[in-house]
1. Find the residue count for region 292-332, including only residues that are surrounded by 18 or more Cβ atoms within 10 Å (Cβ to Cβ) and within 30 Å of the chain's Cα centre (by Cα).
2. Return yes or no: is residue 328 assigned to a helix (DSSP H, G or I), under 30 Å from residue 448 (Cα atoms) and either modelled with pLDDT of 80 or more or outside the structural domain of residue 434 (by TED's automatic domain parsing) (or both)?
3. Residue 202: surrounded by 16 or more Cβ atoms within 10 Å (Cβ to Cβ), under 23 Å from residue 120 (Cα atoms) and in contact with a helix residue (DSSP H, G or I) (Cβ under 8 Å, 6 or more places away or on another chain), yes or no?
4. Could you please give the count of residues in region 153-162 that are in contact (Cβ under 8 Å) with a residue 40 or more places away in the chain and either part of a loop (DSSP other than H, G, I, E, B) or touching a strand residue (DSSP E or B) at 6+ places or on another chain (Cβ under 8 Å) (or both)?
5. Of all residues in region 172-196, count the ones that are surrounded by fewer than 19 Cβ atoms within 10 Å (Cβ to Cβ), touching a residue at least 40 places away in the same chain (Cβ under 8 Å) and in a loop (DSSP other than H, G, I, E, B).
6. Report whether or not residue 165 is assigned to a helix (DSSP H, G or I) and either touching a helix residue (DSSP H, G or I) at 6+ places or on another chain (Cβ under 6 Å) or surrounded by 12 or more Cβ atoms within 10 Å (Cβ to Cβ) (or both).
7. Filter region 10-49 down to the residues that are in a helix (DSSP H, G or I) and either touching a residue at least 40 places away in the same chain (Cβ under 8 Å) or under 30 Å from the mean Cα position of the chain (by Cα) (or both) and list them by number.
8. Any residue in region 84-96 that is over 26 Å from residue 143 (Cβ atoms) and free of Cβ contacts under 8 Å to residues at least 24 places away in the same chain?
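The values are calculated or read from the model by the stated rules, or taken from the named source; none is laboratory data. The structure displayed is predicted, hence computed values, not measured ones. Heads up, the Cβs are rebuilt from the backbone with ideal geometry, glycines too, and the neighbour counts pull from every protein chain shown.
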């Protein structure tokens, strides 16, 4: 049954904590999924959260720790004594442990590592050397492997031993004497093979999919999505098997990338938490606000240059907001489609060029429809001449914005700039300025000014 956190439940938990009653944790909390326990702790204040966390068993503490909101987890980690934190990290998978360790200051990292068992410490030190945005930074070093020359009976014994250290077993990797990945072993083949059959006679070596430690996290996500994988092996530059990346870690990467792209499209240049300081939040938003303000100044300058024409035909001013809004909206729609294609790995020229042609055609159709509608409205409310002027200008602006909004992300991507910036204030501002210029030029031509 799905757990649902309610205000009444939280009030009861707070009341029991105030009474220093820990029995309710065994009755109401300990049987819940770690994500549900984390949801409860996230809603408590720091002292209440520590009370609940302290009464969980060690294994559950580790699972809950990784499910907590980043800020709450950071508070817990900061409050732990060095020895306690080292023990917590040893209960986690290596990829989760290194994520927490990487958030600490270097001096604290060294203190924690010194308190850990040498084997665990060595693994974490190796993982810390990898960039967190690469496969090496994402991988965990716990996985199941079998050697080519093992007979099945020995393989079963070895796998049982290894499985004690691996929480989730997705795949059995087959390696040679040098620990180079040579294939995979299916559980079905292992179960039906005779005891003395060697692994080299039953393993599979076709269609192997793997990544190396230096592959970027986004690319790992695309590969796992393309081949529908729940885990993927990671090799070092000598092609030795050093780890694996599981689907839960990739889901986190995909979510973080989506959040980052959304923030970029919204005009936020840094990835900031909702609880970040006002100064940091201002710093993340101010650059794009300045770009928007610059666009507004340029737009005002365009309008100022046509002040005389507006004085002669005041009705031209009525449609300035309409032209600016339509150009910006169409540009953002077109750029969003291209950014999505790039994010999904559709970088082939033919695929992208087809989208450019498609968006241009869509712009022509939308421009024709919107231009016809505004012509009828303006003709009925104002005059036919003004209707012709506004409709032609709107048609040109929409077509231009569709093409412009498609090409700009492609150019940014070519020069290794995140194309997500194109869907935000950048493209909206440029479309506003150019759209107004087109609008007034068409008006001057139609009215013979």
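1. The total comes to 7.
2. yes
3. Here the answer is no, as residue 202 does not meet what is asked.
4. Going through region 153-162 one residue at a time, the tally reaches 1.
5. Adding up the residues that qualify gives 5.
6. No, not satisfied.
7. 34, 35, 36, 37, 38, 39, 40, 41, 42, 43, 46, 49
8. The answer is yes, given that some residue of region 84-96 is over 26 Å from residue 143 (Cβ atoms) and free of Cβ contacts under 8 Å to residues at least 24 places away in the same chain.
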